[in-house]
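Please treat every number below as a calculation from the coordinates, not as lab data. A quick note: this is a predicted structure, and the numbers were derived from the prediction, not measured. Because the Cβ atoms are built from the backbone with ideal geometry, glycine has one as well, and the counts that use them run over all protein chains shown.
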């Protein structure tokens, strides 16, 4: 357990720390706590950044920061945006100093829990000063000499107890309720997911020529990420995704379905959190990966350049530490860059031309699951700044209609700018209250209206708010804000959004029935079977690794709305020097 800190954190060069860097680093960390405390009290992000000038680190800053605890601190801005604005307020900071501050800013937040354990308890008003002292000077921190101390598995990884227990829970094999807990623990040593019989895969329906499992086996165990995936440096590509499917039961068998093992509540702590338990070891390995520095990816815009052209362009700029992404056909992996700011600085002109954008490979893969075609109607219901629309939008070749909606107007403004730069022209921005989105459940029910998008969309995309547990490398502060209350809020919000978005999905339509003749043939000599036009599809995606936000939500949606899986869902754990964790499922009406 002595090697839980990443190698990068154990080989810091203290000689590169000077008074100016130390002052700005501590000031930025304290100001983050000030913003976090303000956001926690107001439950909303502030309309403007707090005072980020050097004067902001006065005694008032310390007193405010002292009220912020680990479970309270939640940034109103993503960390990269916070730093960008901090540097904008301090234009005198040199370029090399900004890189140093950015790198260690993330590391200090990532390991602040462990730093407190190693360095001991300090006065609240000197928290960050003493953490920095331990981080840069203490051999106990650098060498991780903690073997003689009785620390919990969560503390060794620098993770809060409840979040660690949820991750460990996700590694416990789910099984039918008939099995005992002992039987579950004796399952073979790979990580599996259990899909209850009421999650259906449209491809396995009777009569389609594919294998149809019997109703006597309501659970289908499908291998997902193997144990080696979270322990080795390189992860086998074939074991990356989890397939979740089962056959469609008949209407008569609906009442006899096996009760799912999934509960509708947040997970409780596993009964066994012993360091020797297999699921605890796997959780520790995964947490170590989540404590690594993130790997950055480019997503090529196929409307302007091919991936090979962008790859050659980067080589021409003497950026040699790159490779084609392993899983995304649009991705390029960047190994040399330590921060997003360094990438934007080195590739400013190319990015401004719309050749590519920074986007994790997991986000690219989720966007590619939207298999839209030219001429279709697509509604990105949780569009944000348009990241997913930029992935599947080029597939439409500027034909059809791409609608972007989000509750945040400011995000949609950014989405408009990004789509325009990417060369996507068939889009329309739908802010809250737009007439095309009008839906009165009491009056209109689920009936389509000629003046709205109700029942007209071929694709509805839901990149729902979630815990972000699969992307903690880029947002390490989020692990200190995770709680049971927050997880339950995310689950409820995800169901609310799904309920709001589903009416926009086009329902399957059937042609007019043929009147048969007395001899049994159709009136016009054609088959008696009525032609069916497939309905629209709804795509549910998260960058969470918790089953409560993923597979269990899909089970809930399928059961409540009588939906079926169009294809196998995709699910991946965070990979060393690779993509973030994610989940994506495509559903359609029966």
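Dimensions of the stretch 326-450 along the principal axes, based on C-alpha atoms and rounded to the nearest Å, stand at 57, 28, 23, largest first.
What order do you get for 153-165, 573-585 when each peptide is scored by the mean count of other beta carbon atoms within 10 Å, highest first? Numbers along the way, then the final one.
Numbers: 153-165: 22.2, 573-585: 24.1.
Highest mean packing first, the order is 573-585, 153-165.
Residues 317, 456, ranked from the fewest to the most other C-beta atoms within 10 Å, line up as 317, 456. Spin-label model, residue 409 to residue 320: label points 7 Å out along the Cα-to-beta-carbon direction sit 5.2 nm apart. Under Stokes-Einstein, with the Kirkwood radius over Cα pairs as Rh, the value for the stretch 269-394 at 20 °C and 1.002 mPa s is 128 µm²/s.
Can you quote the Å³ per residue value for the convex hull of the Cα atoms in the stretch 528-590, rounded to an integer? If you can, show how the numbers build up before the last one.
Values: hull volume 5.6 nm³, N = 63.
Normalising the Cα hull of the stretch 528-590 by residue number yields 89 Å³.
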